[in-house]
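Chemist: Provided herewith is a single structure, encoded as structure tokens, for subsequent inquiry.
The values are calculated or read from the model by the stated rules, or taken from the named source; none is laboratory data. Every value quoted in this text rests on a predicted model; they were computed, and no experiment measured them. Reconstructed Cβ throughout: ideal geometry from the backbone, glycine too, with neighbour counts over all protein chains shown.
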């Protein structure tokens, strides 16, 4: 497939214009110098008409308008998760590069099929797991890579968020059929993916998940897990949308030569020799009643990286195959909870995240 020169603006389209499209539209406006939004597609004509889209973008209820336009080189798939596979297969089949919202799909089998569709078509696939490109996360990843912190001893990730019942009253939200589950795959996926990008995939998972009396929903609103690593390290995960009024997500990493924490967009590290390091700045995360109460800078970073990857023929920072890892762990947590016993992730089947 012919790549565009890096000096050209990438002409792209957005598929899906629901609640989660706002930070994408803001990011595309910021990136107008390197990207041109040609179309916004929606199945519901009424909702599409009411959507606030960047100036100059054409609204359409015909997906074929996008797929048959050879000037459109890439698409952003922002539909509910259960529609991702179909949309990505059609886009990849038409030769369009793809950035898809998290999660890849509602289960690991469908997520695998989505990734394979893009690999078979030879198109770029990136995933909106934007926490990986936050300044604090990049700073911590560099510290870990330097070896200064030593070997991992233990880790913890906490996502104590709040969603009112009205959030789950929207048809399909928190269901297995549309979303693939509850707090793990919809909210905590970001923090869990970030944790795995730092410390890799575990070899064994023990989990428990359920729905509290706070919510009426099909999926889980509370979950906890213990991740076992081959070197003896352990990681604890706690996730809920029943913690009023909502708190910043937090990651704690303990190494043989120091510790590091990530919270509210800030990284702090303390070394045994007395040295300290910091990165990032405090920011909201959408952990309260308003799920969109966060800055779109990280979305913009992922989009810019995707655009540059397409223009230059490079791999994006968050590849589709790397995003399979967090879904593998989420399915292991749910399977462990159902079985009441640990789930082993066999080395040959483990999907690398980093």
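Chemist: Taking region 281-326, which residues are in the same structural domain as residue 236 (by TED's automatic domain parsing), under 27 Å from residue 164 (Cβ atoms) and at pLDDT 95 or above?
Modeler: 326
Chemist: Follow-up. Please find, within region 154-179, the residue that is farthest from residue 263 (Cα to Cα) out of those that are buried (at least 16 other Cβ atoms within 10 Å of the Cβ) and more than 18 Å from the chain's Cα centre (by Cα). Please lay out each step first, then the result.
Modeler: Quick first cut of region 154-179, residues buried (at least 16 other Cβ atoms within 10 Å of the Cβ) only: 154-163, 167-168, 173-175, 178-179.
Filter once more, so that each one left must be more than 18 Å from the chain's Cα centre (by Cα): 154-156, 162-163, 167-168, 175.
Working: 154: 17, 155: 14, 156: 12, 162: 17, 163: 20, 167: 25, 168: 26, 175: 29 Å.
Among those that are buried (at least 16 other Cβ atoms within 10 Å of the Cβ) and more than 18 Å from the chain's Cα centre (by Cα), it is 175.
Chemist: Tell me, which residue of region 199-213 that is surrounded by 17 or more Cβ atoms within 10 Å (Cβ to Cβ) and without any contact (Cβ under 8 Å) to a residue 60 or more places away in the chain is farthest from residue 141 (Cα to Cα)? Before the answer, list the steps.
Modeler: Restricting attention to region 199-213, the residues satisfying the condition of being surrounded by 17 or more Cβ atoms within 10 Å (Cβ to Cβ) are 199-202, 205-207, 209, 211.
Keeping just the survivors that are without any contact (Cβ under 8 Å) to a residue 60 or more places away in the chain gives 199, 211.
Details: 199: 10, 211: 34 Å.
Top of the filtered list is 211.
Chemist: Identify, by number, the condition in (1) touching a residue at least 40 places away in the same chain (Cβ under 8 Å); (2) more than 15 Å from residue 14 (Cα to Cα) that residue 63 doesn't meet.
Modeler: (2)
Chemist: With the condition kept exactly as written, say whether any residue in region 167-184 is in a strand (DSSP E or B) and either in the same structural domain as residue 211 (by TED's automatic domain parsing) or within 28 Å of residue 109 (Cα to Cα) (or both). So that I can check it myself, show each step before the final result.
Modeler: From region 167-184, those in a strand (DSSP E or B) are none; that's our starting set.
Checked against the condition, which is being in a strand (DSSP E or B) and either in the same structural domain as residue 211 (by TED's automatic domain parsing) or within 28 Å of residue 109 (Cα to Cα) (or both), region 167-184 yields no hits at all.
Chemist: Give the residues of region 214-240 that are part of a loop (DSSP other than H, G, I, E, B), over 10 Å from residue 184 (Cβ atoms) and touching a residue at least 60 places away in the same chain (Cβ under 8 Å), sorted by residue number.
Modeler: 229, 231, 233
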